[in-house]
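One structure is given below, encoded as structure tokens.
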Amino acid sequence: MQPAVNASRFRAAHQADWERLERLVALVEKRSVRALDDDDLIAMPLLYRTALSSLSLARASSLDRALVDYLEQLCTRAYFQLYGVTDTGLAQLRRFFARTWPGAVRELWRETLASLALTVAAVLAGYLMVRSDPAWFYGLIPDAMAQGRDPAASAASLHATLHSSEQSMLTTFATFLFTHNAQIAIFSFALGLAFGVPTVLLLLYNGLSLGALLAVFAGKGVGGPFACWLAIHGTTELFAVILSGAAGLRIGIALAFPGRLAREDAAMAAGRQGALVMAGSVAMLAVAGLLEGIGRQVVDGDGPRLLIGLVMLTGWLCFFYLPRRPAAVER
Amino acid sequence: MAAASLSRAFVTPEGVDLGLDLASAGTRAAAFLIDLLFQLGVLVLLTIGIAYIGVVRRMEAIGILWLLGAFALRNGWFILFETGGRGATPGKRIMGVRVVARDGARLTGGAVVARNAMREVEVFLPLSFLGVQAASGVADAFLTLFALGWSGIFLFFPLFNRDRLRMGDLIAGTWVVRVVGGALGSDLGAVRPQRHFSQAALDLYGEYELQALEEVLRGARPDAMATVAAAIRAKAELPADGDDAGFLHDYYAALCARLERRMALGRRRADKHAARADR
């Protein structure tokens with residue numbers, strides 16, 4: 001004798017399929033899509049469509065609330081595993097470094113130029129300000145950061161800071177610098193939210209302090225060694241800061257002038273693209289941290305320091321901007 | 001069930017509306033706090049680990065751990081877990097929610113990084129700023145108020161938009177939805193009813209009451225069942241027979257079958273106040 005309620009007949013006919021789908025979805029969620037064998041892999045989309053049509057039928061013909069709820073959650077979970085799933089972490093990472101990151105950097109070239117111009121202008125301004133009146137220095141750079149490298153210091157002591165062989169707490173200091181810089185990179189991306197104004201301020205401040213330090217060293221005739229001391233990690237570090245500033249500017253511009261897109265969509269596109277550039281900048285800053293923490297201690301000569309810095313800069317430029325074979329790039 | 005206002009139409013390419021439920025602000029705050037606790041736990045465990053395995057220059061190693069580890073955890077934790085297949089951190093898994101792209105497409109790495117980088121500005125920037133100022137003893141009332149106000153704007157931002165979007169969600173084009181796995185409830189209509197009910201008795205209720213009855217039956221609390229059974233019997237003028245559960249199951253099956261037959265004919269009845277279906 002047949003049961004009286006539609007849901008019962010319906011369950012009897014399809015429950016095995018639903019349960020198989022549920023098992024597969026749970027397996028994919030817990031491990032990865034590679035945990036499925038070939039049969040299951042072929043079956044999963046079919047089972048998903050079966051469950052979807054079951055859901056439509058159940059909504060139209062059954063009053064069993066539990067059944068409809070169950071099918072809704074099952075279809076939702078299956079949908080996100082079938083349509084929303086990403087690659088394995090390693091494959092994503094490889095694609096990020098090979099294609100997505102340089103691609104995103106290239107697309108931000110206008111913002112990168114603007115960011116570079118801002119930095120250069122700020123360096124010049126900082127330099128000229130401190131050269132004309134050393135008192136500016138104390139307004140631009142806090143004592144903790146100056147560490148005795150102020151206009152009152154002698155040329156010899158300034159020179160000594162560039163070639164100190166002091167090793168204690170060196171790794172801690174390098175780590176601190178890296179986390180600090182990475183934090184700044186994230187901020188200059190995220191603060192693009194406020195129409196990019198804080199991002200511009202961060203870039204300007206960064207440039208001003210650099211210019212001020214440069215002025216102090218140049219004023220005592222050790223500008224050359226200072227530039228070399230800075231170049232070994234500075235080319236990488238400044239490039240990274242400029243790029244993450246560009247990412248923040250992109251968001252700010254998209255929010256202020258969304259063009260033909262809705263403001264929300266423009267912000268979204270800029271945010272996703274900028275995030276890639278910013279994430280890459282953090283990786284660059286890690287490299288800069290290594291160069292600063294280890295490279296600079298090992299390499300003591302001015303010439304080699306400058307050379308390493310220039311090689312790094314050329315390397316980054318080639319990596320980002322050299323044309324490469326087009327491929328089906330997914331962002 | 002989530003409140004109706006948090007339910008969003010979501011049509012799959014196959015043309016079926018899955019009806020996503022957005023996570024409530026409370027759920028998301030709880031998930032975030034759980035994640036923070038986990039991260040703190042990891043840091044503490046690593047610290048203890050370093051302290052026990054005699055590393056040379058132990059204090060320096062611990063210092064580096066808290067500098068770099070805290071930074072890497074704070075940012076990496078969310079990004080790593082959310083780029084995974086489940087799109088959820090452990091905290092989100094516990095609360096039964098996940099991150100998905102608002103357009104239903106793949107959740108890309110860029111989106112995950114964007115939504116999590118924003119958190120630095122939303123929560124950690126003002127708090128760490130405040131922390132540094134307080135530590136050096138220069139946090140005045142104005143600064144404190146500013147930092148709290150800043151955090152407050154971002155913190156309560158999800159409450160001021162329909163979709164419970166955080167600033168990071170807005171920029172990344174994502175939202176957080178409920179995905180709760182659950183077993184299929186037992187089939188209440190599988191057994192043929194032993195009792196027979198008159199048309200008048202079955203005409204008392206509509207779909208809303210049927211599903212309320214379903215909830216009572218699945219809840220299986222004797223006192224609730226007794227109350228409901230008594231109410232139905234009084235209304236249908238049926239004598240008590242001492243078997244509340246059996247009575248309710250039979251009544252459910254009979255009512256469900258009748259309402260489903262009417263539904264097939266295009267005569268749905270939403271609740272008991274709706275016009276009584278034709279005889």
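Do we find a residue being closer than 27 Å to B:Asn75 by Cβ, over 23 Å from the mean Cα position of the chain (by Cα) and either crowded, with 24+ Cβ neighbours inside 10 Å or at pLDDT below 90 (or both) anywhere in region A:253-276?
No, there is no match, as no residue in region A:253-276 is closer than 27 Å to B:Asn75 by Cβ, over 23 Å from the mean Cα position of the chain (by Cα) and either crowded, with 24+ Cβ neighbours inside 10 Å or at pLDDT below 90 (or both).
Against the definition (under 30 Å from A:Phe80 (Cα atoms), free of Cβ contacts under 8 Å to residues at least 24 places away in the same chain and either exposed (fewer than 13 other Cβ atoms within 10 Å of the Cβ) or in contact with a Leu (Cβ under 7 Å, 6 or more places away or on another chain) (or both)), how does B:Gly26 come out, yes or no?
When the stated conditions are applied, B:Gly26 passes them.
Hey, among A:Ala153, A:Ala144, A:Ala121, A:Ala125, which residue is surrounded by 15 or more Cβ atoms within 10 Å (Cβ to Cβ), assigned by TED's automatic domain parsing to the domain that holds A:Ala275 and modelled with pLDDT under 80?
The unique qualifying residue is A:Ala153.
Applying the selection to region B:163-200, what residues are touching a residue at least 12 places away in the same chain (Cβ under 8 Å), surrounded by 18 or more Cβ atoms within 10 Å (Cβ to Cβ) and not in a loop (DSSP other than H, G, I, E, B)?
Of everything in region B:163-200, those that are touching a residue at least 12 places away in the same chain (Cβ under 8 Å), surrounded by 18 or more Cβ atoms within 10 Å (Cβ to Cβ) and not in a loop (DSSP other than H, G, I, E, B) turn out to be B:Met167, B:Gly168, B:Asp169, B:Ile171, B:Ala172, B:Thr174, B:Trp175, B:Val176, B:Val177, B:Arg178.
Output the number of residues of region A:118-162 satisfying the condition of being of a type outside the set (Gly, Ala, Ser), over 22 Å from A:Ala174 (Cβ atoms) and either touching a strand residue (DSSP E or B) at 6+ places or on another chain (Cβ under 9 Å) or assigned to a helix (DSSP H, G or I) (or both).
14
Looking at (1) surrounded by 13 or more Cβ atoms within 10 Å (Cβ to Cβ); (2) more than 14 Å from chain A (Cβ to nearest Cβ); (3) not hydrophobic (A, V, I, L, M, F, W, C), find the lone condition where B:Asp223 falls short.
Tallying (1) surrounded by 13 or more Cβ atoms within 10 Å (Cβ to Cβ); (2) more than 14 Å from chain A (Cβ to nearest Cβ); (3) not hydrophobic (A, V, I, L, M, F, W, C), B:Asp223 fails exactly one: (1).
In region A:182-224, which residues are buried (at least 24 other Cβ atoms within 10 Å of the Cβ), within 14 Å of the chain's Cα centre (by Cα) and polar (S, T, N, Q)?
The one that is buried (at least 24 other Cβ atoms within 10 Å of the Cβ), within 14 Å of the chain's Cα centre (by Cα) and polar (S, T, N, Q): A:Ser188.
On the basis of being part of a helix (DSSP H, G or I), within 8 Å of another protein chain (Cβ to nearest Cβ) and modelled with pLDDT of 75 or more, does B:Leu210 make the cut?
For B:Leu210, the condition - part of a helix (DSSP H, G or I), within 8 Å of another protein chain (Cβ to nearest Cβ) and modelled with pLDDT of 75 or more - is met.
Which of the residues that make up region A:65-80 are more than 7 Å from chain B (Cβ to nearest Cβ) and of a type outside the set (A, V, I, L, M, F, W, C)?
Once the filter is applied, which keeps residues that are more than 7 Å from chain B (Cβ to nearest Cβ) and of a type outside the set (A, V, I, L, M, F, W, C), region A:65-80 yields only A:Asp69.
Can you say whether A:Leu36 is at pLDDT 85 or above and outside the structural domain of A:Val282 (by TED's automatic domain parsing), as far as the supplied structure shows?
It is false that A:Leu36 is at pLDDT 85 or above and outside the structural domain of A:Val282 (by TED's automatic domain parsing).
(1) within 10 Å of chain A (Cβ to nearest Cβ); (2) modelled with pLDDT under 85; (3) under 16 Å from B:Phe197 (Cβ atoms): which one isn't true of B:Met263, the others all being true?
Going through the list (1) within 10 Å of chain A (Cβ to nearest Cβ); (2) modelled with pLDDT under 85; (3) under 16 Å from B:Phe197 (Cβ atoms), B:Met263 breaks only (3).
Is at least one residue of region B:217-238 closer than 23 Å to A:Arg9 by Cα and out of contact with any strand residue (DSSP E or B) (no Cβ under 9 Å at 6 or more places or on another chain)?
Start the filter on region B:217-238 by keeping residues that are closer than 23 Å to A:Arg9 by Cα, which leaves B:217-218.
In the following step, the residues that additionally are out of contact with any strand residue (DSSP E or B) (no Cβ under 9 Å at 6 or more places or on another chain) were identified as B:217-218.
Yes, region B:217-238 contains at least one residue that is closer than 23 Å to A:Arg9 by Cα and out of contact with any strand residue (DSSP E or B) (no Cβ under 9 Å at 6 or more places or on another chain).
Six or more apart or on different chains, Cβ atoms under 8 Å: show the pairs whose first residue is in region B:259-274 and free of Cβ contacts under 8 Å to residues at least 60 places away in the same chain and of a type in the set (A, V, I, L, M, F, W, C) and whose second is surrounded by 13 or more Cβ atoms within 10 Å (Cβ to Cβ) and not in a helix (DSSP H, G or I).
B:Leu259/A:Leu63; B:Leu259/B:Gly206; B:Leu259/B:Arg268; B:Leu259/B:Arg269; B:Met263/A:Leu63
Taking region B:1-34 as the search range and keeping residues that are assigned to a loop (DSSP other than H, G, I, E, B) and more than 14 Å from chain A (Cβ to nearest Cβ), which one is modelled with the highest pLDDT? Break it down into steps so the answer makes sense when it comes.
Residues of region B:1-34 that are assigned to a loop (DSSP other than H, G, I, E, B), as a first pass: B:1-3, B:9-10, B:12-16, B:18-19, B:23-24.
Then keep just the ones that are more than 14 Å from chain A (Cβ to nearest Cβ); that gives B:3, B:24.
Numbers: B:Ala3: 48, B:Ser24: 87.
Filtering first and then ranking leaves B:Ser24.
Kindly state which helices (runs of 4 or more DSSP H) lie completely within region A:1-90 and contain at least 1 residues that are under 31 Å from the mean Cα position of the chain (by Cα) and in contact (Cβ under 8 Å) with a residue 24 or more places away in the chain.
A:6-30, A:65-82
Condition check ((1) under 18 Å from A:Val68 (Cα atoms); (2) surrounded by 21 or more Cβ atoms within 10 Å (Cβ to Cβ); (3) more than 11 Å from chain B (Cβ to nearest Cβ)) across all residues:
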{"residue": "A:Gln15", "(1), (2), (3)": "yes, no, no"}
{"residue": "A:Arg20", "(1), (2), (3)": "yes, no, yes"}
{"residue": "A:Lys30", "(1), (2), (3)": "no, no, no"}
{"residue": "A:Ala35", "(1), (2), (3)": "no, no, no"}
{"residue": "A:Asp38", "(1), (2), (3)": "no, no, yes"}
{"residue": "A:Pro45", "(1), (2), (3)": "no, no, no"}
{"residue": "A:Arg49", "(1), (2), (3)": "yes, no, no"}
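The values are calculated or read from the model by the stated rules, or taken from the named source; none is laboratory data. Please read these numbers as outputs of a predicted model, since none were measured by experiment. For neighbour counting, all protein chains shown are included, and Cβ atoms are generated from backbone atoms with ideal geometry for every residue, glycine included.
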